[in-house]
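Structure record follows, encoded as structure tokens.
The values are calculated or read from the model by the stated rules, or taken from the named source; none is laboratory data. Since we're looking at a predicted model, the values are computed, not measured. Here Cβ is always computed from backbone atoms with ideal geometry, including for glycine, and neighbour counts include all displayed protein chains.
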Amino acid sequence: MTGEGVPGQSHVGGFVLAGGGSTRFGRDKALARIGDEALLARLCSVMRGVTPSVMIIGSREKYAAFGADCVSDRWPGEGPLGGIITALLATSEMGGEWNIVIGCDMPFLTRAWLTYMIRRALASEAEVVVPRSTHGLEPLCACWRTIASVKLQRAFEGGVRKVTEAMKHLSMEVLDETHWKRFDSADRLFWNMNTPGDYEEAKRILEAERA
């Protein structure tokens, strides 16, 4: 299942957040290879399956080879909230209404799920459409209305850095297990690759699926 036939989907901005600290991982997670491709390349490919407009929030010098436009984070080193706001501000300049923003460390995201989430967003009155997994809200796999940048930036400038805290200033539509479970019977859809151990586990699972 891809995004074909979803009205308005071609006007949804797609962003992959790269260039974070990767402190626990020990090196740039975006460049970690799974199979024959870097994780960032894998996620850009997934995003291209749901929107033709895919950009990377991160250094052009580091990520230009991945075939997507790069937008420098306006607040480097300040965490993912600054990256999300950067993405929404970039879309604001182009006139788009909705954006899908994902982290660069989620190897099990699928086009089917992202397509479903975009479909929900395009029909929503909320400012953010976000899944809630067994671990809580998943703001690094969410759809954001472009105008939400105003409230998010106000919270950011007021000292907020946690994405879920900033989201309290927005109207939310939450997609719970009844929405995502059909796309994720193994409970891995929102799994984050935070440590070298997570990386080895992701490689083992994906290689076993290919076998």
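Pairs meeting the criteria (first residue in region 38-59 and touching a residue at least 24 places away in the same chain (Cβ under 8 Å), second residue surrounded by fewer than 20 Cβ atoms within 10 Å (Cβ to Cβ) and of a type in the set (Asp, Glu), beta carbons under 6 Å, at least 6 apart or on different chains) are Met55/Asp69.
Output the residues belonging to region 95-133 that are β-branched (Val, Ile, Thr), in contact with a strand residue (DSSP E or B) (Cβ under 7 Å, 6 or more places away or on another chain) and either surrounded by fewer than 22 Cβ atoms within 10 Å (Cβ to Cβ) or within 29 Å of Glu37 (Cβ to Cβ) (or both). If the condition is that a residue be β-branched (Val, Ile, Thr), in contact with a strand residue (DSSP E or B) (Cβ under 7 Å, 6 or more places away or on another chain) and either surrounded by fewer than 22 Cβ atoms within 10 Å (Cβ to Cβ) or within 29 Å of Glu37 (Cβ to Cβ) (or both), then Ile100, Val101, Ile102, Ile118, Val129, Val130 are the ones that fit. The number of residues in region 46-65 that are surrounded by 15 or more Cβ atoms within 10 Å (Cβ to Cβ) and either part of a helix (DSSP H, G or I) or among the aromatic types (Phe, Trp, Tyr) (or both) comes to 5. Condition test on Arg161, is it modelled with pLDDT under 95, among the basic types (Lys, Arg), surrounded by fewer than 16 Cβ atoms within 10 Å (Cβ to Cβ) and more than 14 Å from the chain's Cα centre (by Cα)? No, not satisfied.
Any residue in region 164-176 that is in a helix (DSSP H, G or I) and within 20 Å of Thr51 (Cα to Cα)? No; the residues of region 164-176 include none that is in a helix (DSSP H, G or I) and within 20 Å of Thr51 (Cα to Cα). Filtered by the rule that a residue be under 29 Å from Ile85 (Cα atoms) and part of a helix (DSSP H, G or I), region 182-195 gives a lone residue, Phe183. Criterion first (at pLDDT 95 or above, over 15 Å from the mean Cα position of the chain (by Cα) and either of a type in the set (A, V, I, L, M, F, W, C) or over 16 Å from Gly14 (Cα atoms) (or both)) does Ser185 satisfy it? In short, no.
Taken over region 66-76, the criterion of being at pLDDT 90 or above and assigned to a loop (DSSP other than H, G, I, E, B) is satisfied by Ala68, Ser72, Asp73, Arg74, Trp75, Pro76.
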